[in-house]
Amino acid sequence: MNGCSMKGSAMNMDGNGIEQKATDRKEGHESSSLQAMYFKIFGLSGLLYAAVYTICMFQNDSGITMPVWIAATILYACVTMRQISVAESVKEKELIREEMAGKEAARAEVAEKEPIRAKMAEKEPIRTDVAEKEPIRAETAEKEWIRADVAEKELIRAETAGKEAARADMAQKEPDKTDASERDTTRAETGTNVSVGSYGHLRTGSWFYITVMMLLGIATFLTDQSVMIWMNYIGFFVMLLLFLLHNFYDDSQWDFTKNMVAMMTAVSGAVGCVLTPFTDGYAFLKEKKTKENKTTRAVLTGLLLAAPGILVVGFCLMCADAVFETMVLRMFSGVRMPVRVLQAVGMLLFGFFSSYCGMRYLIRRDQIQIESRRPVFDPVIAITFLAPFFIMYAVFCGVQVLYLFAASMQLPDGMTYAQYAHRGFYMLLFVCVVNFGLVLVMRKYFARNRILHMLLLLICGCTFVMLASSAYRMCLYISVYQLTFLRVFVLAALLALAFLLAGAMAVILKPNFMLVRYSIGVISTIYLCLAFVHVDHLIASYNLAHAQENAANMDWWYLSQLSLDAAPAVEHYYEQASLEAKSQMDDGARLAQAILEGRLDDSMLAETDAPKETYWYSMYMCKVYQAKSNLGVRNFNLSRYRAVQMLAGK
């Protein structure tokens, strides 16, 4: 009987081992089979995505293929999230089946020992009957425990099957409601970090991120402004991170700090997973039943793992020693590899590793741990701290009303209103940003108090006056010194900051107000308006319209450096110009075309005696003719095409 008890204990230990495997997987300890499964998901799909990325973006930063690449990125993320969810649900069912099989084996083992125990009980003397009842009772109790555990597992499996059927039915009828309810339930049971819930369905709010990303791609295809193009790339990257974090984690209670920490952790974690494709690929090859020699496979794996390190270390050694550098260069001097091929291969590798490692890191749900608890301090400290600031802000706002808005007091000698408006503008903008952060910190780390909230609202009111002062100062300065890209961008930033400050006031009055999502929506909307409005066209229209009345401060050189987005305003200026000015601009355009065609030297453009009012037109037409020569199908850009159609034929 002791042997039977030990055997049953051994079977229980096997069941516990299965449970430990499931626990290890949840804690980030990945088995070889799990790594192989991930390689099946991300290997081919990551390679296809890298090929699309290279085809769309190779030497093409703002062509018509930009929206195609963004759509491919969103599709890759959605498809892989769906595959991860389905594969992991299958793995969970396999673990449950393995555990149930272990329990069944334990029960069968106990059943086999029943006849043996009965025969042994008959042969035992009566005097040992009392002594034997204790182990029999213990064995019976163990058997009952096993049966109860098996019954519980059966009940769980039946309940799980019922829930899956209900989920499938609800997903067909109301997918959004099903998605939200299931994810909320899962987050309540497992904590802040969960996988893609509801079997790969996108969470509520995901379409906002998708829409913004697609609009950023379209805006890039419609503009020629280089700064806006790079800002669109940054905006797309940030929105992609927010989209992925929103679907992999419960970000409903995250504030600005937690979102920033999560994004930086995801980026650094993805970089740290650079060797994961190799380890996953090795696990995939190891699991796959092939007739290849194990030694050959091991050698190939070692070479693949060593290749990145050899490149990095070799480059460092070449930089460290000139003799070694010369020797390496001579060794590869006969190898002629086109630069474009190397660039394409580099983009292909970047696309594969970034897509594979980024998604692979997010699967490790326990990697991003953000502390939700925070200390709560006495509000008297905050009130005492903020009171002097409010007094100073009140005095400053009074000065703004008297000197700047009303203009009823005399300025210091030798200072014009434009100089007064420009002085300290950026410092004032910095103070507004600090005030916004100060309000959020006081609201977050100090206990609720009516006096504190009233003081914070008053500081917000003073900050609105400062924002109005900053905007008015900038408008006065623009009226004298014309528009520039930076000045337009600052005005947009002031508008965004005003809306954010209104959101901060809403948080003070309504603690459950979702400030982060509100802020993301405000910033995205204002930035998209800025991206689609074509800032250079706005600048050229305003500056050229005020060229005559403000000729002394007109910056013609800056006008010539504007992007092709300004072509409609330039064409309008050309049509409104006098016959003499048109003749000079036509001569400058022909000179620019001859230089680009190689018929004249570049120095001819600098030596021309055309006045600056028309010389800038020659400089601008150089861009137009260059865009005409480089315009193709894959890099087709609507702004460049429109500029060529408007100006190149004149």
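The values are calculated or read from the model by the stated rules, or taken from the named source; none is laboratory data. If you're wondering where the values come from, they're calculated on a predicted model, not measured in any experiment. With ideal geometry, Cβ positions are generated from the backbone for all residues, glycine too; neighbour counts draw on all protein chains shown. Just so you know, the surface numbers come from the protein's heavy atoms only, side chains and all, with ligands and any DNA or RNA stripped out. Shrake-Rupley method; radii C 1.70, N 1.55, O 1.52, S 1.80 Å.
Numbers at a glance
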| quantity | calculated |
| --- | --- |
| Residue, nearest to A504 (Cα to Cα), within the range 520-533, restricted to residues that are part of a helix (DSSP H, G or I) and open to solvent by 50 Å² or more (accessible area, probe 1.4 Å) | I523 |
| Residue that is in contact with a helix residue (DSSP H, G or I) (Cβ under 7 Å, 6 or more places away or on another chain) and modelled with pLDDT under 90, where the choices are I96, I74, I116, I70 | I96 |
| Residue list for the range 534-547, restricted to those being touching a residue at least 12 places away in the same chain (Cβ under 8 Å), part of a helix (DSSP H, G or I) and either of a type in the set (D, E) or open to solvent by 10 Å² or more (accessible area, probe 1.4 Å) (or both) | D536, H537, L538, S541, Y542, L544 |
| L440 being open to solvent by 30 Å² or more (accessible area, probe 1.4 Å) and at pLDDT 90 or above | no |
| The listed residue being of a type in the set (A, V, I, L, M, F, W, C) and under 24 Å from M66 (Cα atoms), out of V261, V238 | V238 |
| Qualifying residue in the range 9-32 (condition: at pLDDT 70 or above and assigned to a helix (DSSP H, G or I)) | yes |
| Scan of the range 221-270 for residues that are within 30 Å of N635 (Cα to Cα) and either touching an Asp or Glu at 6+ places or on another chain (Cβ under 7 Å) or modelled with pLDDT under 90 (or both), ordered by number | T223, D224, Q225, I229 |
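This table checks each residue for (1) part of a helix (DSSP H, G or I); (2) surrounded by 18 or more Cβ atoms within 10 Å (Cβ to Cβ).
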{"residue": "V488", "(1), (2)": "yes, yes"}
{"residue": "L491", "(1), (2)": "yes, no"}
{"residue": "L495", "(1), (2)": "yes, no"}
{"residue": "M505", "(1), (2)": "yes, yes"}
{"residue": "I508", "(1), (2)": "yes, yes"}
{"residue": "R517", "(1), (2)": "yes, no"}
{"residue": "E549", "(1), (2)": "no, no"}
{"residue": "A566", "(1), (2)": "yes, yes"}
